[in-house]
Structure formats: structure tokens, C-alpha cells
Amino acid sequence: MPDNQNQNQKNGERLQAFLAHCGVASRRASEKIILDGRVSVNGVVVTELGTKVTDKDKVLVDGKPVSLEEKKRYVLLNKPLGYVCSQSDEKGRPCAVDLLKESYTERLYNVGRLDMFSHGAIIFTNDGDFAARLSHPSAEIEKEYIVESSLPLPRFLAQDFEKGIRVEGVFYKAKLAEELNSHRMRVVLVEGKNREIRRVFENAGMAIRKLCRVRIGNIELGELEPGEFRDLTDKEVQGLLKLCKN
């Protein structure tokens with residue numbers, strides 16, 4: 001455990017930070033978990049974000065005890081089609097994190113998202129600080145996608161996407177958009193608004209047949225098949241953090 005985290009535990013740290021260090025979720029997601037009344041400290045439900053706790057307090061989430069995890073995990077998964085990026089799904093759809101549960105005892109959660117109709121690279125971790133840095137828009141981490149359309153691409157769609165396109169009042173702009181052939185485009189985003197590529201294509205009257213994320217920063221999807229995963233190396237993790245501009 002880092003020295004600053006040891007110091008935080010002596011003096012007490014904010015509950016949302018404690019949950020992140022326990023591998024429950026990122027700090028931002030942990031805030032919502034607290035506000036939803038799902039957390040108790042020493043038998044009392046807590047909904048105040050400023051509450052401070054130490055590792056000596058008994059903290060429960062959804063009635064289950066949580067504790068600080070010594071081993072930090074960083075896992076790259078090739079998310080298959082049909083899987084959602086959440087810890088559970090009220091509609092009963094399969095969750096991507098379930099693919100990891102037989103191999104990892106730690107509570108892992110996804111950094112960022114891929115919609116259920118997309119597949120490809122997504123990172124899971126139990127390191128809340130790492131997740132917070134990577135997922136914040138100010139990090140400007142590149143995410144690369146290969147998009148396949150069912151119809152031939154409009155002639156200037158790639159150029160327009162690089163210049164910026166406004167769809168229903170929202171401005172979408174790719175860092176790079178390159179037509180690979182009449183039906184395939186490579187797109188690099190640094191912010192990645194919700195369903196950005198799909199909305200740009202739909203606005204152009206195009207149906208997407210396949211959307212795959214092939215890179216996150218310095219992390220390539222490589223030869224991983226859908227449903228396969230691997231641990232990131234220390235060098236890869238440090239490389240990702242060095243790319244963060246926040």
C-alpha cells in the first residue's frame with residue numbers, strides 16, 4: 001500500500017475514496033453508491049459524501065463487507081457483443097465483468113464503457129485512483145476504433161468527422177477519421193461522448209454493421225479473441241498513466 005494511503009488510513013479518508021481503494025468502484029461511481037443509501041458504516045447507513053472512515057471501521061456495501069485490497073489488478077478484456085459494462089443488469093443481460101470472476105477474487109470494475117452492440121478493448125481494475133485518472137475527459141487518452149458500415153461510406157464523412165459534426169445540439173469531433181475502404185473507417189477519439197460514433201454515422205444515414213475498439217492509449221487489443229483477457233504489465237500501466245494529461 002502506498003505511504004500516502006497508509007497516512008490516509010491513520011487519519012481517516014473520505015468514504016468514496018475508501019470504497020475505490022477497496023475495489024468497489026471508481027470514486028465517482030462510489031459517490032452514487034453512497035448517495036443511493038447502499039453503504040453502512042458500523043451498522044449505520046451513510047449518505048454523506050464527506051464521511052471519513054479508516055480500515056478499522058466496518059463498512060458494508062449492499063450488506064456485504066468490503067476491505068482494502070493489497071493486490072492491484074489491471075486487466076484488458078476483449079468484450080464480446082451482447083455484454084453490458086456494469087456490475088449487474090436489471091434486464092438480466094450478461095455483464096462483461098462476469099467473464100473475469102472465475103480468474104480473479106478481487107472486485108473489478110470497468111474503466112469507461114462500450115455499449116452492448118460494440119466489442120473490443122476495455123480495461124478492468126480495482127485501483128480507484130487509476131480508474132479516475134484514465135476515465136476523466138481531461139486525460140485525453142486516445143481510443144481507436146474500426147467501424148464497418150452496411151452501405152458504402154459517404155464521400156466526405158471521414159473529413160467532416162475530423163472537422164466536427166453537430167448532431168441534435170451536440171458537437172462531435174474525432175482526432176482522426178480515416179477511410180480504409182468503401183465500408184471501413186478508422187476513428188480515433190480522445191473524449192468519446194456517449195455513442196459518439198454511432199450518432200455521427202446515424203446522422204449520415206449509415207447503419208453500423210460492426211464497431212470494434214482496437215486500442216486504448218498504448219494498449220493494443222492484439223490477438224485477444226472476444227471473451228479473452230490478460231493482465232496488463234507494469235510497463236503498460238505506467239505507460240497509460242504517462243499518457244494522461246490531467
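The values are calculated or read from the model by the stated rules, or taken from the named source; none is laboratory data. Because the structure is predicted, anything quoted here is derived from the model rather than measured. Every residue, glycine as well, gets a Cβ built from its backbone with ideal geometry; the counts of neighbours run over all protein chains shown. What goes into the accessible areas is simple: the full protein's heavy atoms, side chains included, and nothing from ligands, DNA or RNA. Shrake-Rupley method; radii C 1.70, N 1.55, O 1.52, S 1.80 Å.
Can you list which of the trypsin sites (Lys or Arg not before Pro) found in segment 11-107 are DSSP loop residues with at most 13 other C-beta atoms within 10 Å?
Of the trypsin sites (Lys or Arg not before Pro), the ones in loops of segment 11-107 whose Cβ has at most 13 other Cβ atoms within 10 Å are 56, 58, 71, 91, 101.
At most 16 other Cβ atoms within 10 Å and a DSSP loop assignment: could you name the GluC sites (Glu not before Pro) in segment 189-227 that fit?
191, 223
Pick out which of 125, 233, 47 has the largest mean-square fluctuation in a Gaussian network model of the chain, springs linking Cα atoms closer than 10 Å.
Checking each option, the largest mean-square fluctuation is seen for 233.
If you build a Gaussian network model of the chain, linking Cα atoms that sit under 10 Å apart, which residue out of 35, 77, 221 swings the most?
Its mean-square fluctuation being the largest, the pick is 35.
Between helix 234-243 and the chain, what is the angle of the helix's C-alpha long axis to the longest principal axis, kept within 0 to 90° and rounded to the nearest 10?
Approximately 70 degrees, to the nearest ten.
Report in % the part of the accessible area of the chain that belongs to carbon and sulfur, leaving out ligands and nucleic acids; probe 1.4 Å.
Result for the chain: 48 percent of the exposed heavy-atom area is carbon or sulfur.
Identify all lysines with a Cα-Cα distance to residue 235 below 30 Å; exclude those on the same chain that are fewer than 8 residues away in sequence.
71, 72, 79, 101, 143, 175, 193, 245
Give the accessible surface of the chain per residue, rounded to a whole number of Å², with probe radius 1.4 Å and ligands, DNA and RNA excluded.
Per residue, the chain has 54 Å² of solvent-accessible surface.
Tell me the chymotrypsin sites (Phe, Trp or Tyr not before Pro) within segment 122-188 that lie in a loop according to DSSP and have at most 11 other beta-carbon atoms within 10 Å.
156
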